[in-house]
Amino acid sequence: MSTKTFKAFYVEETEEGSFNSEVRQVPYSFLPKNEVLIRVRYSSLNYKDALSASGNKGVTRTYPHIPGIDASGIVQEDRSDKFDEGDEVIVTGRDLGSNTSGGFGEYISVPVDWVVKLPEGLTLETSMFFGTAGFTAMYGVKRLQREQIDPEEGRVLVTGATGGVGSLAVFFLAELGYDVVAATGKMNEESFLKLLGAREVINREQVTNVGNSLMLSRKWNGAIETVGGEMLDAVIRQTNHDGAVACCGNILGHELNTNIYPFILRGVSLLGIDSAICKMPMRLKIWDSISKIDVSKLPNRFITTVHLEGLKDEVERILKGRQVGRVVVIHD
């Protein structure tokens, strides 16, 4: 290309343990040499992006770095010949934005097997309404469905319900006919969660402040649990016979202290969701399912749009637990 630099949200380590982020021009040589070069049109902000942007080396090992685990855009070049120039595509998960330059830059260069052709029913913009958060939420729905957790079987719980994954899990489940209970620490967002489709909104402490009994009264048939720690343990102990809990988060901790009885006396299944390294056949099925959801039913305030220059404030917001819904990043 004739242009020698591209615009990006660039994070660098200024001294040991100190990090700075800014929007600047970055040379094309900063990009890895992979098969597919994509002009990014939209990205989105996830909690993992905020960690990377603030210098968390558990997410990003080396700096300088361009975060952004989601990207949608237009193929500029594909040395594998799988995609044509001009194809509209999505890249989410894998190593994008973690240790590979991500969607907060105007260009990404990725392996061909990371790239998904944009499904019919989505646009480059609306695909980022969902991004990794929506992909993870729909993966959780599919894991529950695989365990035959059907709408007529009873209530389904979603924890961390105002977050990116949680809010979209509420929306997807409700659109598919499930009776959704949304658990949150932000009870001021009850009306927002009901707009997404929650039948009932409860304070998260109603899930966790339930004592230490090995098993508790059965309150839901399935759950998409997004925060981990003591919440996951409490959810498991309150899940119905033959129920299932799909888990995907660790904000409350990475350790699970629980007991065997819900599994061997109630037949509860604990289902993992690994959205980053999801195999391509399942990845395509998940995006196909998302493309069939009516995006127009999302509440107006669900999407916040920013340009790269507005990202720093949104990173601070999500790290402080103040983000509600999704932040979509628009590249000029």
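Pairs needed: first member in region 282-308, free of Cβ contacts under 8 Å to residues at least 60 places away in the same chain and over 18 Å from T92 (Cα atoms); second member anywhere, open to solvent by 20 Å² or more (accessible area, probe 1.4 Å) and among the β-branched types (V, I, T); C-beta distance under 7 Å; at least 6 residues apart or different chains.
From region 282-308, the pairs are T305/I330; H307/I330.
Does region 106-125 include one or more residues that are more than 29 Å from P64 (Cβ to Cβ), among the small types (G, A, S) and touching a residue at least 60 places away in the same chain (Cβ under 8 Å)? If you could, list the steps in order and put the result at the bottom.
Pass one, region 106-125, residues more than 29 Å from P64 (Cβ to Cβ): 117-123.
Next, from what is left, pick out any that are among the small types (G, A, S): 121.
Narrowing the set further to residues that are touching a residue at least 60 places away in the same chain (Cβ under 8 Å) leaves 121.
Yes, there is a match, as at least one residue in region 106-125 is more than 29 Å from P64 (Cβ to Cβ), among the small types (G, A, S) and touching a residue at least 60 places away in the same chain (Cβ under 8 Å).
Find the residue count for region 108-122, including only residues that are surrounded by fewer than 19 Cβ atoms within 10 Å (Cβ to Cβ) and part of a loop (DSSP other than H, G, I, E, B).
Count: 4.
Among residues belonging to region 207-256 that are free of Cβ contacts under 8 Å to residues at least 60 places away in the same chain and of a type in the set (K, R), point out the one that is surrounded by the fewest Cβ atoms within 10 Å (Cβ to Cβ).
R218
What is the one condition in (1) in contact with a helix residue (DSSP H, G or I) (Cβ under 9 Å, 6 or more places away or on another chain); (2) not in a strand (DSSP E or B) that F19 does not satisfy?
(2)
Every residue, every condition in (1) farther than 29 Å from V11 by Cα; (2) out of contact with any Ser or Thr (no Cβ under 7 Å at 6 or more places or on another chain); (3) of a type outside the set (S, T, Y), yes or no:
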| position | (1), (2), (3) |
| --- | --- |
| I260 | yes, yes, yes |
| L270 | yes, yes, yes |
| S289 | yes, yes, no |
| K297 | yes, yes, yes |
| N300 | yes, yes, yes |
| L308 | no, yes, yes |
| K312 | no, no, yes |
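Please specify each residue of region 175-185 satisfying the condition of being surrounded by fewer than 18 Cβ atoms within 10 Å (Cβ to Cβ) and within 20 Å of R322 (Cα to Cα).
Of everything in region 175-185, just one residue is surrounded by fewer than 18 Cβ atoms within 10 Å (Cβ to Cβ) and within 20 Å of R322 (Cα to Cα), namely G185.
Of the numbered conditions (1) open to solvent by 10 Å² or more (accessible area, probe 1.4 Å); (2) modelled with pLDDT of 95 or more; (3) not in a helix (DSSP H, G or I), E125 satisfies every one except a single condition; which is it?
With respect to (1) open to solvent by 10 Å² or more (accessible area, probe 1.4 Å); (2) modelled with pLDDT of 95 or more; (3) not in a helix (DSSP H, G or I), E125 is out only on (3).
Please specify each residue of region 257-297 satisfying the condition of being touching a helix residue (DSSP H, G or I) at 6+ places or on another chain (Cβ under 9 Å), open to solvent by 40 Å² or more (accessible area, probe 1.4 Å) and in a loop (DSSP other than H, G, I, E, B).
The answer is N257, T258, D274, D294.
If you go through region 23-40, how many residues are free of Cβ contacts under 8 Å to residues at least 24 places away in the same chain and not basic (K, R)?
Here is the first cut: in region 23-40, the residues free of Cβ contacts under 8 Å to residues at least 24 places away in the same chain are 24-25, 27, 29.
Those still in the list that are not basic (K, R) too: 25, 27, 29.
Selection size over region 23-40: 3.
Working carefully through the options V181, V210, find the one that is more than 20 Å from C248 (Cα to Cα), in contact with a Leu (Cβ under 6 Å, 6 or more places away or on another chain) and aliphatic (A, V, I, L, M).
One residue alone meets the criteria, V210.
Criterion first (touching a residue at least 24 places away in the same chain (Cβ under 8 Å), open to solvent by 80 Å² or more (accessible area, probe 1.4 Å), at negative phi and not small (G, A, S)) does K57 satisfy it?
Here the answer is no, as K57 does not meet what is asked.
The values are calculated or read from the model by the stated rules, or taken from the named source; none is laboratory data. Bear in mind that the values here come from a model prediction, so they are computed numbers and not experimental data. Quick reminder, even Gly has a Cβ in these numbers, built from the backbone with ideal geometry, and neighbours come from all protein chains shown. Ligands, DNA and RNA are stripped out before the accessible areas are found, and what is left, the full protein with its side chains, is counted by its heavy atoms. Shrake-Rupley method; radii C 1.70, N 1.55, O 1.52, S 1.80 Å.
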